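Chemist: Provided herewith is a single structure, encoded as structure tokens, for subsequent inquiry.
Just so it is clear, none of the values below were taken in a lab; they were calculated from the coordinates. None of the values given here were measured: they were computed from a predicted structure. We place every Cβ from the backbone using ideal geometry, glycine too, and count neighbours over all the protein chains shown.
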């Protein structure tokens with residue numbers, strides 16, 4: 001750390017050589033500068049950055065030195081006033097370079113490089129010539145600026161003022177190493193009020209309105225035309241002479257008289273709110289938004305800060321005579337404030353691709369639904385894919401159409417059934433069972449398969465709960481086919497014949513369903529327009545017609561000749577599925 005090496009006892013206060021013809025600084029000023037320097041060093045080591053900064057700056061004013069300048073720069077860096085710290089480190093390299101040892105020069109150069117990454121610039125354009133520019137309440141010069149306006153990376157309040165014009169105010173976000181451009185077009189005042197300021201004893205002091213010097217008092221009042229509304233006014237004179245800030249309100253075409261009496265303000269205060277655009281009040285007087293710095297009376301003061309989305313904060317501070325303090329007021333977020341709610345997204349068209357593993361516990365019907373003792377039935381399983389298109393409103397409500405395809409299979413084994421026999425026309429009827437029974441009992445294995453296309457519509461609601469959550473209800477129709485691939489063995493009814501097997505026989509029938517499908521999904525945004533998601537869908541299919549075996553289809557029945565299966569339905573009236581889904585959504 002630079003301060004540790006530069007502020008050790010015995011380190012000389014280096015300074016540039018005085019110009020020819022000038023005498024060396026007075027010894028008493030040098031002694032006081034040294035005393036303030038070591039006082040600043042002690043405060044710095046105690047972590048009192050603001051107080052240390054005041055001492056280092058006082059030392060520099062009395063006697064410019066390398067050590068005090070570095071101390072002030074380090075204090076500013078600790079206070080996160082990176083732009084001011086960068087300015088002072090550059091002063092060290094410019095004014096004290098020849099006196100710096102190589103390792104120290106290298107360390108300071110590294111600090112400059114690092115700080116430049118934390119500092120950006122604000123470029124003001126299109127303002128009126130001579131307009132005063134303030135940033136975060138601090139005057140930074142008149143337009144046009146002769147040097148880049150450097151600020152620490154972050155959010156800053158910019159104000160441009162010129163008498164006779166409406167003040168221009170905006171907030172800019174400045175990234176490190178980047179330039180934020182502000183077009184500050186000033187509009188002439190069409191309605192004005194007049195502020196008339198007089199110092200009680202007729203002394204000459206600068207009149208500061210909203211952080212900008214607008215003139216000086218004298219024996220005669222100073223009249224200033226201003227925009228109607230509230231303004232913060234104070235007087236500032238030589239040394240510590242001045243007044244505490246007061247707030248006045250101006251009305252259109254009216255004159256507001258303000259009589260102020262200057263006094264010695266023997267303490268200095270800087271208020272640094274977080275967030276930086278918080279509204280700051282001192283002893284009940286609203287000072288405006290952002291940091292504020294000025295002379296105040298020694299003693300107790302109350303500082304208040306408010307900002308949208310944050311809980312108000314109040315701080316009490318006691319200032320010693322001749323003291324200088326920086327008070328950081330950090331506000332806590334108000335979790336219940338609507339400020340933190342994201343603005344609703346704009347209405348947009350969307351396209352979504354989805355796929356799922358589709359699980360159907362049972363197809364039901366006369367096949368899977370009658371698998372009893374000695375029969376085993378697997379769970380129906382398959383997949384489906386879907387393409388959806390639609391439109392989502394800012395409210396989160398969406399609607400659209402869907403198109404897809406599905407395929408689900410379920411197998412049963414060892415189900416008892418019978419085969420209806422017609423016999424073999426080439427044999428005598430006496431060869432059949434004497435009892436005249438025309439059915440053969442047996443066991444079969446069935447493989448049921450549903451294939452189809454789905455076409456429907458959907459309505460949904462999107463909720464942003466950190467991650468996007470989507471609720472959707474789809475409905476429509478499934479148009480496809482239901483098949484049963486069956487094989488099995490049967491006891492022969494022909495006298496003296498052995499049992500026989502029936503090879504795989506496939507029955508296929510058209511299948512029509514109406515479906516409803518509630519779904520919930522959680523999304524992960526990959527970009528502004530792309531989201532991947534996962535969820536759970538529960539499709540429920542209602543059979544419009546129930547496909548079944550056709551009794552007209554003949555089957556070779558071994559020694560029993562020919563037969564047919566009864567018209568067993570392949571699916572029940574309602575089929576319920578469960579579908580874990582994954583997908584991708586594209587907002588257009």
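Chemist: With the alpha-carbon atoms as the only input, what is the per residue convex hull volume for segment 266-341 in Å³?
Modeler: Taking the convex hull of the Cα positions in segment 266-341, it is 70 Å³ per residue.
Chemist: Once Rh for segment 208-280 is found with the Kirkwood sum over Cα pairs, what is the Stokes-Einstein diffusion coefficient at 25 °C and 0.890 mPa s, in µm²/s?
Modeler: Stokes-Einstein gives a translational diffusion coefficient of 174 µm²/s.
Chemist: Further question on the same structure: Which order do 342, 42, 409 fall in if you start with the one that has the fewest other Cβ atoms within 10 Å?
Modeler: 342, 42, 409
Chemist: Using label points projected 7 Å from each Cα along Cα→Cβ, tell me how many nm separate residue 588 and residue 576, to one decimal.
Modeler: Result for the modelled spin labels: 3.7 nm.
Chemist: Can you give me the Cα centroid spacing of segment 436-476 and segment 179-227 in angstrom?
Modeler: Centre-to-centre (Cα) distance: 76 Å.
Chemist: Along the Cα→Cβ direction, 7 angstrom out, place labels at residue 95 and residue 112. What is the inter-label distance in nm?
Modeler: Reported label-point gap for residue 95 and residue 112 is 1.5 nm.
Chemist: Let me ask something else about it. Restricting to bridges with both residues inside segment 223-341, how much of the DSSP beta-bridge set is antiparallel, in percent to the nearest 5?
Modeler: Counting DSSP beta bridges with both partners in segment 223-341, the antiparallel share is about 80 percent.
Chemist: Using only Cα atoms and rounding to the nearest 10 degrees, what angle (0 to 90) does helix 49-62 make with the longest principal axis of the chain?
Modeler: Around 30 degrees separate the two axes.
Chemist: Moving to a separate point now. Would you mind computing, in nm to one decimal, how far apart the modelled labels at residue 505 and residue 87 are, each placed 7 Å from Cα along Cα→Cβ?
Modeler: The two pseudo-label positions are separated by 9.8 nm.
Chemist: Right, next: Antiparallel DSSP bridges in segment 120-183: what percent, to the nearest 5?
Modeler: 80 percent
Chemist: A further question on this structure: Stretch residue 316-residue 255 to full length: gain in nm at 0.36 nm per residue minus the Cα-Cα span?
Modeler: 18.4 nm
Chemist: Taking the chain as the reference, fit the longest principal axis to its C-alpha atoms, fit the long axis of helix 82-95 to the helix C-alpha atoms, and give the angle between the two in degrees, 0 to 90, nearest 10.
Modeler: 50 degrees
Chemist: Counting only DSSP beta bridges with both residues in the chain, what percent are antiparallel, rounded to the nearest 5?
Modeler: 90 percent
Chemist: What does the C-alpha gyration tensor say about the overall shape of segment 163-261? Classify as rounded when a/c is under 1.5, otherwise prolate if a/b is larger than b/c, or oblate.
Modeler: oblate
Chemist: With Kirkwood's inverse mean 1/r over C-alpha pairs for Rh, give me the Rg to Rh ratio of segment 452-579, two decimals please.
Modeler: Taking Rh as the inverse mean 1/r over Cα pairs, Rg/Rh reads 1.26.
Chemist: Okay, next question. May I ask for log10 I(q)/I(0) of the chain at q = 0.06, 0.10 Å⁻¹, from a Debye sum over the Cα atoms as equal point scatterers with solvent left out?
Modeler: For the chain, the Cα-only Debye profile gives -0.59, -0.97.
Chemist: Please label the shape of segment 348-587 as rounded, prolate or oblate, based on the square roots a ≥ b ≥ c of the eigenvalues of the alpha-carbon gyration tensor (a/c under 1.5 means rounded; beyond that, a/b larger than b/c means prolate, else oblate).
Modeler: The shape class here is prolate.
Chemist: If you don't mind, there's one more thing I want to ask. Just to compare against my own numbers: the Cα pair-distance distribution for segment 120-183, 5 Å bins, whole % per bin, please.
Modeler: All Cα pairs, binned at 5 Å, distribute as 4, 19, 33, 27, 12, 4, 1, 0 percent.
Chemist: Would you mind pulling out the separation of the Cα centroids of segment 287-312 and segment 90-154, in Å?
Modeler: 26 Å
Chemist: Test of understanding: what is the full-extension gain from residue 200 to residue 348, defined as 0.36 nm times their sequence separation minus their Cα-Cα distance?
Modeler: Taking 0.36 nm per residue and subtracting the Cα distance, the gain is 46.8 nm.
Chemist: As I understand it, the value is the acute angle between the Cα axis of helix 102-116 and the longest principal axis of the Cα atoms of the chain; what does it come to in degrees, rounded to 10?
Modeler: In the chain, helix 102-116 runs at an angle near 60 degrees to the longest axis.
Chemist: To two decimal places, what compactness ratio does segment 315-371 give when its Cα radius of gyration is scaled by 2.2 N^0.38 Å?
Modeler: Dividing the Cα Rg of segment 315-371 by 2.2 N^0.38 Å gives 3.15.
Chemist: Report the extension gain between residue 538 and residue 473 in nm, rounded to one decimal, defined as 0.36 nm multiplied by the number of residues separating them, less their alpha carbon distance.
Modeler: This chain segment gains 22.4 nm when fully extended.
Chemist: Would segment 537-588 count as rounded, prolate or oblate if I go by the C-alpha gyration tensor, calling it rounded below 1.5 in a/c and otherwise prolate when a/b exceeds b/c, oblate otherwise?
Modeler: Because a/c hits 1.5 or more and a/b exceeds b/c, segment 537-588 counts as prolate.
Chemist: Let's test the formula: R0 of 51 Å, r as the Cβ-Cβ distance of residue 125 and residue 27. What FRET efficiency results, to the nearest 0.05?
Modeler: For R0 = 51 Å, the calculated efficiency reads 0.55.
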